Amino acid sequence: MANLQSFAAWIGDYAGVVAEQADYLTDLDRAIGDADHGSNMQRGMARAARLADEEEFTAIDAYLKKVGMSLVSNVGGASGPLYGTFFLRMGGALAGVEEAGAEEVGAALRAGVEGILARGKAEVGDKTMYDAWSPALDAFDAAVGAGGDLAGALAAAAEAAAKGRDGTEDLVARKGRASYLGERSRGHIDPGATSSTMLLESAARTLA
Ligand code: ADP
Ligand code: MG
Ligand code: MG
């Protein structure tokens, strides 16, 4: 079961990961974008991780909404609004929930990803973060359907996201900056699919 402390631990853990991996994420974005994905995520998540120290939160939904708003207002480009909307919608789905189990976390992740789609209009195969999220949500639900608990479902989701991330290498981008490169975007892993996989790996370490 994940409570408010677990969600704050998730945000803190992920802020550490993207800080450590900032150069790698930026290198991926240098190949098919504008070389700022690592610095965008590092700056945005560092700011979001400080929220829990600055304010006494009492509910998961209010906390995640604040994280989302912080990302929307502090990170420019595509990823700020996309990750911001993800956390805003995730928070909305967890209204009134104090202890989230596999069902609640699965529904909240799905709501978050629906926010990404509402903003970005990506489809599977467009070489975006959705190519990590789509198989991850399916794997999460399959694990829960097979009787798995939150830990098992998050582990399965992170593993599926990593496969989806790796699969973006062979794709031609149809959304975001990378789409300007057309065929030349092929042969590179998508930065956002990489940071999204890291977010699920972080969730598997902290939420269960
Ligand atoms: P920007 O492209 O504005 O510099 P970032 O470099 O921070 O923003 O983020 C780029 C990532 O955003 C891409 O790797 C991709 O995964 C994701 N992205 C871009 N456009 C979309 C979209 N329309 N839908 C989903 N994800 C997208
Ligand atoms: Mg960029
Ligand atoms: Mg940019």
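A short reminder: the numbers here are calculations on the coordinates, not readings from a lab. In this text, all values refer to a predicted model and were calculated from it rather than measured experimentally. Counting neighbours? That spans all protein chains shown, and the Cβs are built from the backbone with ideal geometry, glycine included.
Remarks
- Considering only 195, 70, 179, the Gaussian network model of the chain with Cα springs below 10 Å gives its largest mean-square fluctuation to 179.
- Residue by residue, region 24-31 carries 3J(HN,Hα) couplings of 5, 4, 5, 4, 4, 6, 5, 5 Hz when phi is fed to the Karplus relation 6.51 cos²θ - 1.76 cosθ + 1.60 (θ = phi - 60°); x denotes Gly or Pro.
- Karplus-derived 3J(HN,Hα) values for region 199-208, using 6.51 cos²θ - 1.76 cosθ + 1.60 with θ = phi - 60°, are 5, 6, 4, 5, 4, 5, 7, 10, 8, 8 Hz; glycine and proline are entered as x.
- Nonlocal amide H pairs with residue 100, under 5 Å, H built at 1.01 Å: 2, 3
- Dipole of region 27-170, positive direction: furthest Cα of 148, 32, 92, with charges on the beta-carbon: 32
- Net charge dipole size for the chain [Lys, Arg +1 and Asp, Glu -1 on Cβ; Debye, nearest 20]: 700
- Couplings for region 151-158, taken from phi via the Karplus curve 6.51 cos²θ - 1.76 cosθ + 1.60 with θ = phi - 60°, read 4, x, 5, 5, 5, 5, 5, 5 Hz in order; Gly and Pro are left as x.
- Cα-Cα P(r), the chain, percent of pairs per 5 Å interval: 1, 9, 16, 22, 22, 16, 9, 4, 1, 0
- Here the sum of -39500 (n - 2.57) over DSSP H runs of 4 or more residues, divided by the residues of the chain, equals -23000 deg cm²/dmol at 222 nm, to the nearest 500.
- Listed residues 49, 63, 171: farthest to the positive end of the dipole of the chain (Cβ charges): 171
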